[in-house]
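Right, one structure below, let's go through it.
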Amino acid sequence: MTEKISKNDTEWQQQLSPDQFRICRKNGTEPAFSGNYWNTKETGTYQCVCCGNELFDSNSKFDSGTGWPSFYQAINSEQVATKKDSSLFMQRTEVLCNKCDSHLGHVFPDGPQPTGLRFCINSASLEFKKK
Ligand code: FE
């Protein structure tokens, strides 16, 4: 069972930049090709910018051509949660940090093997730790 972190909006706003707050805590999306990590190819770990939870490893990152950092799997299934998202007249699956409920992005069933999944994640929700 993952230990949960719970803060109110004021506390998150003090800790995060305006873009980070809008994306992570208010289900925002950064424009394609605008974030820090869509083209990052270095070896390391992508952590939750809100709580430091380790979410994705660079070894599962791939070039999706979308302009958002894309991974075919999370570090493990305990670190991320998913939930149905019917906003914007689309049926999508939202990806959240399982520890602090930060909005990370969405997962789609059109990724590469071995999982066939594409985790499409906002750079603003991540913090890259180089190995
Ligand atoms: Fe988190």
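The values are calculated or read from the model by the stated rules, or taken from the named source; none is laboratory data. From a predicted model like this one, the values you see are computed outputs, not experimental measurements. Using ideal geometry, Cβ is built from the backbone for each residue, glycine included, and neighbour counts are taken over all protein chains shown. Only protein heavy atoms, including side chains, enter the accessible area calculation; ligands, DNA and RNA are left aside. Shrake-Rupley method; radii C 1.70, N 1.55, O 1.52, S 1.80 Å.
From the phi of every residue in region 106-117, what ³J(HN,Hα) in whole Hz does the Karplus formula 6.51 cos²θ - 1.76 cosθ + 1.60 yield, where θ is phi - 60° and glycine or proline is x?
9, 10, 10, x, 10, x, x, 5, x, 9, x, 9
Over the chain, with the other protein chains present, what is the accessible area per residue in square angstrom, probe 1.4 angstrom?
Result: 55 Å² of accessible area for each residue.
I want the local charge near residue 118. Using Cβ-Cβ distances under 12 Å, sum +1 for each Lys or Arg and -1 for each Asp or Glu among the other residues.
It works out to a net charge of 0.
From the phi angles alone, apply the Karplus equation (6.51, -1.76, 1.60; θ = phi - 60°) to region 56-71 and give each ³J(HN,Hα) in whole Hz, x where the residue is Gly or Pro.
9, 9, 4, 6, 10, 7, 9, 8, 8, x, 8, x, 10, x, 10, 9
Which value, in Å² and to the nearest 10, is the accessible area of residue 130 when all protein chains are kept and the probe is 1.4 Å?
Using a 1.4 Å probe on the heavy atoms, I get roughly 140 Å².
How large, in percent, is the carbon and sulfur part of the accessible surface of the chain at a probe radius of 1.4 Å?
Roughly 48 percent, rounded to a whole number.
Could you derive backbone 3J(HN,Hα) for region 118-123 from the dihedral phi with the Karplus parameters 6.51, -1.76 and 1.60 (θ = phi - 60°), listing whole Hz in sequence and x where the residue is Gly or Pro?
Listing the rounded values in order: 10, 7, 9, 10, 6, 3 Hz.
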